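Some notes on the structure that comes next.
Values quoted throughout were computed directly from the atomic coordinates according to the rules given, and no laboratory measurement underlies them. These numbers were taken from a predicted model, which means no experiment stands behind them. Quick reminder, even Gly has a Cβ in these numbers, built from the backbone with ideal geometry, and neighbours come from all protein chains shown.
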Amino acid sequence: MNGAAKMPEPAALLTAEKIHVWRGERHVLRGVSLKVESGRLLHLFGPNGTGKTTLLRVIAGLLRPEQGRVCWDGRPIGEAREQYQSAMAYASHEAALKADLTALENLRYAVGMKRRASETELRAALEETGVGGCADLPARVLSAGQKRRVAMARVLAMRASLWLLDEPYANLDTSGGALVSRLLEEHLDRGGLALVIAHHALELGRSIDRLELSP
């Protein structure tokens with residue numbers, strides 16, 4: 001990896017304990033628990049409408065569950081908010097880029113809320129994901145696949161220990177999918193953690209953990 005990477009903190013641990021979420025009268029998540037340790041990836045899958053994205057948003061701290069808790073290294077994320085936010089990179093199923101900003105400006109804006117990053121680092125992250133040539137183009141002119149690559153560059157540039165990725169393979173061709181798999185393997189090799197939503201089976205050069213949500 002290039003200068004966009006950083007050695008994550010060792011021996012990190014993410015847990016979620018008996019998470020319950022309702023949407024109106026619908027009980028979306030029913031006591032879901034999970035654990036992800038350093039160097040491990042948890043593949044979250046299941047039919048549409050089973051609460052995968054909802055669970056990821058709870059773990060990212062974007063949605064408060066009615067019951068249950070999420071902990072980072074043994075502390076509830078609400079009590080370790082600053083530490084957890086600096087350790088976590090969240091990528092939603094949408095690329096979530098500001099249309100009138102360039103790819104580089106999008107990274108500068110998002111990463112800048114986490115840490116100071118030089119232009120050299122940000123351009124290196126874009127190069128790493130194969131969109132270095134798009135750095136100075138506005139996001140609105142990029143293809144769906146290019147936007148997804150920029151979103152992955154944003155994750156890289158955040159230098160986070162924990163990756164929370166919602167459908168990171170969406171809109172990518174075969175080479176793009178292989179890139180995401182390689183980046184995940186390298187992240188895990190450095191001791192990182194990942195929780196990934198994907199409809200298809202994940203094939204990495206290592207064993208991975210799986211959690212299926214059901215209706």
Zone of LYS98's modelled label, taken as backbone nitrogen in segment 118-147 under 20 Å from a point 7 Å along Cα→Cβ = 118-126, 134-143, 147
inquiry  = Below 8 Å, C-alpha to C-alpha, sequence gap of six or more: please give me the relative contact order for the chain in percent.
reply    = 32 percent
note = Listed with the fewest Cβ neighbours within 10 Å leading, ASP173, ASP209 appear as ASP173, ASP209
ask   = Label points 7 Å out from Cα along the Cβ direction at GLU186 and GLU25: separation in nm?
value = 5.1 nm
remark   = Taking the chain and counting helices only, DSSP H stretches of n ≥ 4 at -39,500 (n - 2.57) each over all residues, the nearest-500 ellipticity at 222 nm comes to -9000 deg cm²/dmol
request  = Take the alpha-carbon centre of segment 81-149, take the same for segment 23-43, and report the distance between them in whole Å.
outcome  = 27 Å
ask   = Once phi is turned into θ = phi - 60°, what whole-Hz ³J(HN,Hα) does the Karplus curve with 6.51, -1.76 and 1.60 give for every residue of segment 185-202, x standing for Gly and Pro?
value = 4, 5, 4, 5, 4, 8, x, x, 10, 8, 10, 10, 8, 8, 6, 9, 5, 8
task = List the relative contact order of segment 55-134 as a percent without decimals, with contacts defined as Cα pairs under 8 Å and 6+ residues apart.
result = 16 percent
inquiry  = Neighbour counts of other C-beta atoms within 10 Å: give me LEU184, LEU137 arranged from fewest to most.
reply    = LEU137, LEU184
query = Roughly how tilted is helix 119-128, in degrees to the nearest 10 and between 0 and 90, from the longest Cα axis of the chain?
reply = 70 degrees
remark   = Scattering profile of segment 143-205 from the Debye formula, Cα beads only, expressed as log10 I(q)/I(0) at q = 0.12, 0.30 Å⁻¹, is -0.26, -1.63
request  = State, to one decimal in nm, how far the label point of GLU127 lies from the label point of LEU13, with both points 7 Å from Cα in the Cβ direction.
outcome  = 4.0 nm
query = On a 0 to 90 degree scale, rounded to 10, what angle separates helix 103-112 from the longest Cα axis of the chain?
reply = 50 degrees
ask   = How would you rank 20-26, 156-162, highest first, on the average number of other Cβ atoms within 10 Å across their residues?
value = 156-162, 20-26
key: Candidate lysines - alpha carbon under 21 Å from LYS18, same-chain residues fewer than 8 apart omitted   = LYS35, LYS52
message = Tell me whether segment 94-204 comes out rounded, prolate or oblate; compute the Cα gyration tensor, take square roots of the eigenvalues as a ≥ b ≥ c, and use a/c under 1.5 as the rounded threshold.
response = oblate
task = With just the Cα atoms of the chain, tell me how far they stretch along each of the three principal axes, in Å, largest first.
result = 46, 34, 33
key: Neighbour-count ranking [beta-carbon atoms within 10 angstrom, fewest first] of ILE208, ILE19, ILE59   = ILE208, ILE19, ILE59
inquiry  = At 0.36 nm per residue, and after removing the present C-alpha to C-alpha distance, how many nm does the segment from THR120 to ARG140 gain when stretched out fully?
reply    = 4.9 nm
